[in-house]
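Remarks on the structure that follows.
The values are calculated or read from the model by the stated rules, or taken from the named source; none is laboratory data. All values reported here derive from a predicted model rather than from experimental measurement. Cβ sites come from the backbone with ideal geometry, for glycine too, and all protein chains shown count toward neighbours. Accessible surface is based on the protein model in full, side chains and every heavy atom, while ligands, DNA and RNA are left aside. Shrake-Rupley method; radii C 1.70, N 1.55, O 1.52, S 1.80 Å.
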Amino acid sequence: MHSFLPEVEKLCSRLVQKKMIYNKNDEVGVVLFGTDDTNNELTSEVGGYQHVVVLRNSKVVDGDVIEALQKLPRGNFPGDFLDAIVVGTDIMVKKFGPTNKGKKRLCLITSAQDPVKMSFEGTKEDQVDAIAISMNALGMKLDNIVVRGNSTENADRTILDDNDCLLNRFSRGACTKTVYVQSPTKLLGALQTQNVSPVTIFRGDLELTPEMKIKVWVYKKTSEEKFPTLKKYSDKASPTDRFATHGVKVNVEYKGAENTNKAVPPQQRIKGYRYGPQVVPISSAEVEAMKFKPDKSVKLLGFTNATNIMRHYYMKDVYIFIAQPANMKAILAVSALVRAMKENNMVAILRCVWRQGQGNVVVGVLTPNESNAESMPDSFFFNVLPFAEDVRDFRFPSFSKFPPSMQPNEQQQDAADKLVMMLDLAPPGKEEVLQPDFTPNPVLERFYHFLELKSKNPDADVPPLDNILLRITKPDPELLSQNKSVIDEFCKQFELKRNPKIRKSSGDKPTRSSEEPEGFVALNTRTVNFVENNSTAKVDSIGDSTPIQDFEAMMASRDGKKWVDKAVKDMKTLIYELLENSYGGDTYEKAVDCLVALRKGCILEYESKQFNEFLHGITKFCQEIDLISFCEFLLSKHITLITKTEAVESDVGDDKALSYLIKTEPALD
């Protein structure tokens, strides 16, 4: 257990840090067992309870308890967790008595590898039952965190099993939760503060039909934990004033444009909504009358196959539907519905209005949750579904439509498959890594730690990320070292090379392979890297001196699609101007260079149709101004339409790549 004590210290101190933020009036006490010394009231009162130390009696949380938890003493004696539970219960009974039922909680952290002493009266099981009944009568909860790992590998398996049975036996008579952890990361997330008490958001009928209704209660199952709200702080109060709140009060005044010295009272103000160029005023009475005020209800709209509801449709938090407690008819009805839906792989679509007059109606999916424990009844999970306005429907071309040259081969696919399987967080036969229930938010954990340091030293620097939190934010170094061959094979199959930055002037010819014929330009690629513009000034138009560089800079701009559209339009205009001003074909070379750049850009931006239409238009334009020689020049440079092989959205086959060329008819005699 000593090997896990540093993590236990962090866990307990983090717990108190959160309480100082969210529950500053809570009281916390600390009891250690298995220590070298003995210091508790029960030893002097009734005897026994050796090697149990009350490190701190129950007091309101403060910085002292955090410091005490960060430096826990180590002991060398076997720890009896039943003695520790009795001592902790005694402290709370003497402090609170029978009051505060449901608000008292014992948190036991142990490896449970040491034997429990025999009771003077009855068996160990009888002792556990008596303690559980007493805790239940006092409204006391028990959370057991059992640490298992390398430190318990050599422990006596019989003792471990006996202790596990005793800990699980507490749940028969008291409100108990037992969690087993094998890693420091899971330990850090095993004990959470209960910031929000479980409160129902709905109690009423689940209406299947107007004649068939089931009494249900609805709770929130998950809720995002956010940063503590920051308050405005004032240092104007006297430093010696102990009761100063240092708060800041903000008053807002509205003044008219005509008279800026006179404040407009609330009764003379009205909201306005923009509608085109004007502002439409709407009074608060009109806003209230316009609100949709449905009746409180949860109604079934219908059933559908579970495969019809995509996981990415789920919105907001998760809710849980349970049958009304102690209502056996409701429990049986919910259980029957859950098992029928599970058997047929069906889910239900509900329309929910949680409160009377609630402004918004929720439509969601009800998923059956069949319980595996006898003491836990069946229930439903409820996820909110989006309306049509909430869905973001992005359409991307299928990878299967790409040419074979742009798809992975068998070796590459095999290497990728092995890499994915290597990084599987839930491998077969092993415990899942980073389970949501036991993985703390590293950003919040670091914030709480820094806040505690800042409270002691205002000039404290932000601390580095804790090693345990690094395991959440970065891949496991041990896992990477064990699978180095898999990573190396993936890197070998997908070798990345840095493309040199190529700069071309307007008169330069595009680069080509030594194996390609003179005048041939390689066009059949979508993986084109545009040249970066080193100039700090943003390019907003295509100039005549360096049109290709300007075009590529505008196409590479990520400020919006408007720059892509403008770049394509400007390049088309420039090509037309070059042909109009051509004398004896002196601008043909530059026009082809611009056309090649335009073609590459259209392939990259899925604008093949626009380029193909432009190329058809160019040939017709050349016929009108008697520039048939330019079409022949395009043929010599192997300029073609963008085909399906190069772009999946194109409707041009390879056999029609040159269909834009105009066939000249022989002159009649």
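Can you work out the FRET efficiency for the pair Asp162 and Asn372, with r the C-beta to C-beta distance and R0 = 22 Å, to the nearest 0.05? After rounding, the FRET efficiency stands at 0.35. Since only Thr304, Ala112, Gly204 are under comparison, the one whose Cα sits farthest along the positive direction of the charge dipole of the chain, derived from C-beta charges on Lys, Arg, Asp and Glu, is Gly204. Would you please give the FRET efficiency between Asn39 and Ile201, computed as 1/(1 + (r/R0)^6) with r the Cβ-Cβ distance and R0 = 45 Å, to the nearest 0.05? That pair, Asn39 with Ile201, gives E of 0.45. Counting lysine pairs in region 562-655 that sit 8 or more residues apart in sequence, or on different chains, and whose Cα atoms lie under 21 Å apart gives 25. Of the GluC sites (Glu not before Pro) found in region 105-184, those in coil by DSSP whose Cβ has at most 13 other Cβ atoms within 10 Å are Glu121, Glu153. If R0 is 41 Å, what FRET efficiency do you get for Glu589 and Lys644 from their C-beta distance, rounded to 0.05? Working from the Cβ atoms, E equals 0.90.
Note on Lys430: lysines with a C-alpha under 27 Å away, same-chain residues under 8 apart excluded, are Lys10, Lys177, Lys186, Lys221, Lys342, Lys418, Lys474, Lys484. The simple spin-label model puts a point 7 Å past each Cα toward its Cβ; for Asp317 and Val391 those points are separated by 2.7 nm. Towards the positive end of the charge dipole of the chain, with charges on Cβ (+1 Lys, Arg; -1 Asp, Glu), say which of Thr643, Phe77, Asn409 has the farthest Cα. Of Thr643, Phe77, Asn409, it is Phe77. Rounded to the nearest 10 degrees, the angle from helix 608-624 to the longest Cα principal axis of the chain is 10 degrees. Annotation: extensible slack from Ala155 through Asn345 equals 64.0 nm (criterion: 0.36 nm per residue apart, minus Cα-Cα distance).
Each residue, Gln412 and Phe450, gets one label point 7 Å from its Cα in the Cβ direction; the gap between the two is 4.1 nm.
Protein heavy-atom accessible surface, 1.4 Å probe, per residue over region 2-190: 49 Å². The angle between the Cα long axis of helix 442-456 and the main principal axis of the chain comes to about 60°, on a 0 to 90 degree scale.
Projected label points at Gln50 and Glu253, each 7 Å from Cα along the beta carbon direction, are separated by 7.8 nanometres. Considering only Tyr314, Val365, Gly256, and ranking their Cα positions along the charge dipole of region 219-365 that arises from unit charges at the beta-carbon of Lys, Arg, Asp and Glu, the one farthest toward the positive end is Val365. Taking the DSSP beta bridges with both ends in the chain, the antiparallel portion is around 75 percent. Sites listed here are chymotrypsin sites (Phe, Trp or Tyr not before Pro) in region 553-660 whose DSSP assignment is loop and whose Cβ has at most 12 other Cβ atoms within 10 Å: Tyr583. Evaluated with a Cβ-only charge set (Lys, Arg +1; Asp, Glu -1), the chain carries a dipole of roughly 2840 debye about its Cα centre, given to the nearest 20.
Looking at region 278-316, the chymotrypsin sites (Phe, Trp or Tyr not before Pro) that sit in a DSSP loop and have at most 14 other Cβ atoms within 10 Å of their own Cβ are Phe292. Across the chain, the relative contact order, built from alpha-carbon pairs under 8 Å that are at least six residues apart, equals 8 percent.
Under 18 Å from a label point set 7 Å out along the Cα-to-Cβ vector of Asp626, the amide N atoms of region 561-596 belong to 579-587. Within the straight-line cut-off of under 19 Å between alpha carbons, the lysines reachable from Lys291 are Lys271, sequence neighbours fewer than 8 places apart in one chain being disregarded.
Element breakdown for the chain at a 1.4 angstrom probe: carbon and sulfur atoms account for 53% of the accessible area.
Counting only heavy atoms of the protein chains, get the accessible area per residue of region 263-338 (1.4 Å probe) and round it to a whole Å² value.
Details: 5590 Å² over 76 residues.
In whole numbers, region 263-338 has 74 Å² accessible per residue.
Summing Lys and Arg as +1 and Asp and Glu as -1 over all other residues whose Cβ lies under 10 Å from the Cβ of Gly29 gives a net charge of +2. Based on DSSP H segments of at least four residues, each scored -39500 (n - 2.57), the chain has a per-residue ellipticity at 222 nm of -10500 deg cm²/dmol.
Rounded to the nearest 10 degrees, the inclination of helix 484-493 to the longest alpha-carbon principal axis of the chain is 20 degrees.
Computed from point charges on the beta carbon alone (+1 for Lys and Arg, -1 for Asp and Glu), the dipole magnitude for region 408-493 about its Cα centre is near 260 Debye. In the full protein context, region 547-659 carries 46 Å² of accessible surface per residue, based on a 1.4 Å probe and ignoring ligands, DNA and RNA.
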